[in-house]
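Report on the following structure.
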Amino acid sequence: MARSVRCAAVVGVTCLVLGTLGLCLYNTLLYTFVTKMMVLQEGSFIFSFWKDIPIPIYMQFYLFDILNVEEVLKGGKPAVEQRGPYTYRELRNKTQLQFNADDTVSYVNMKRYEFVPHMSVGRENDTITTLNIPAMTISWWLKTQRAAIQDAAALGLLLAGEPLFFRRSVSGLIWGYPEPLLAAAQRFAPALVRDDKFGLFLNQKTNSTDGVYTVFTGLTDPEKFAYIYQWNGMTHLPYWKRPCGRVNGTEGIMFPPIEDTDKPLYIFVSDLCRSAYLTYEGPRYVGAVPVYRYILPREELQNGRGETACYCGDTCLQDGLIDVRNCHLDAPVVLSLPHFYLGNESLSKDVAGLDPNKMEHQIFLDVEPSARVGPDFVQYFWDRVVVKERAGQGGLAAAVSVGGALVLLTGSLWYCRRRKNSEDTETLGAHINEPPEETTPLLQT
């Protein structure tokens, strides 16, 4: 009897040891197998997916219609109504691939967009009332002495008859339209006014690119898989004080192995001309797939403190606002999250119709840790326009003082989110009128 017990104990311990070794060996083999597959080289498992993303991608725009122009001109509080989504299918592929000797690959992202009516609330020719951004931009240049003295008088005369607000089509505001004011201004100041068209995504609807990327293939170092080495030939961007400006992270589609969730994920966003980081929130499921959820922390939007201090220009904006004027040809462009989520509370309170909330407006990223691919959709920042008070217009109650400048809180009120989903478009289209109980946005550019 005792001998039988001893035999059973030996067998049990042996099975436990073998099971533990087998599990460790399995995990090691799985990691080795996955890292071998996840290499950016022709013929690898992931290469075709990376080069031509097969998952449908949709860009959804939400714009804000300014409802009370007359009241605002008299100093009243702006009231806005959100309109959207206006949905476009994004077709993208990587072109001009060049494999380099240092285990990097250089390429250009080629993108074009097609309107998807059944996933939109209206038509492209719907119109909204918004700020006259071309006039405000020229006014900004004049007030900040960007224009030469001989050009300033002519530009000032052009602005004399311009309204502060106007109505434009959704398609025109997003993708661009011929703007007579810019055409006239271009004759006087071609160095400042480089195009006679205006659009938030001007010249980006057909065969657009956002620069030349050089990323690590992961062949010799899996920890650097898909990590950006250079953007437009630069490892540091000249728009920010050091140490800010370092090109750091991936494009937000694929990532190196995630072995330590205490480490943040870095993503480079070309529209921001900078990298952003996300921190681990916890495990989730997307369908039946286990994922790690990372969120944009409040600290990333706290200006003038810690790692964000070197992103400030002459002055630091309020928390929640990201100053990108330096990287957008000194145009008065500032970014924020939708509805000023995570921003200074006064920002959203100064505009009627804004309702910042975590479910709809937070930036987060769900990553399948072994495949290292973000599986769902990317929610983008919301563009803002900084303006100075125009002579003859009087004070605007929606404006707040920021180091001598004025930020008009109505601005060009819009934001967009990018969806990636393997579901068919009919299924996606059925849910566009209300948010799902749990959305899964990813930060992208």
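The values are calculated or read from the model by the stated rules, or taken from the named source; none is laboratory data. Fair warning: this is a prediction, and the values are worked out from it, not measured in the lab. Here the Cβ positions follow ideal geometry from the backbone for every residue, glycine too, while neighbour counts run over all protein chains shown.
Would you confirm, using the coordinates I've provided, whether L272 is of a type outside the set (S, T, N, Q), at pLDDT below 90 and either in a loop (DSSP other than H, G, I, E, B) or closer than 21 Å to M38 by Cβ (or both)?
Working: of a type outside the set (S, T, N, Q): yes; at pLDDT below 90: yes; either in a loop (DSSP other than H, G, I, E, B) or closer than 21 Å to M38 by Cβ (or both): yes.
The answer is yes for L272.
Checked against (1) assigned to a strand (DSSP E or B); (2) charged (D, E, K, R); (3) modelled with pLDDT of 95 or more, R123 meets all criteria but (1).
Annotation note: of T206, T220, T235, the sole residue that is touching a strand residue (DSSP E or B) at 6+ places or on another chain (Cβ under 6 Å) and hydroxyl-bearing (S, T, Y) is T206.
Of all residues in region 247-259, those satisfying the criterion of being modelled with pLDDT under 90 and either surrounded by fewer than 21 Cβ atoms within 10 Å (Cβ to Cβ) or part of a loop (DSSP other than H, G, I, E, B) (or both) are G252, I253, F255, P256, P257, I258, E259. Out of the residues in region 54-109 that are outside any strand (DSSP E or B) and among the charged types (D, E, K, R), which is nearest to S348 (Cα to Cα)? By that ranking, first place goes to K77. Across region 300-310, the number of residues qualifying as under 17 Å from the mean Cα position of the chain (by Cα) and either surrounded by fewer than 17 Cβ atoms within 10 Å (Cβ to Cβ) or at pLDDT below 90 (or both) comes to 0.
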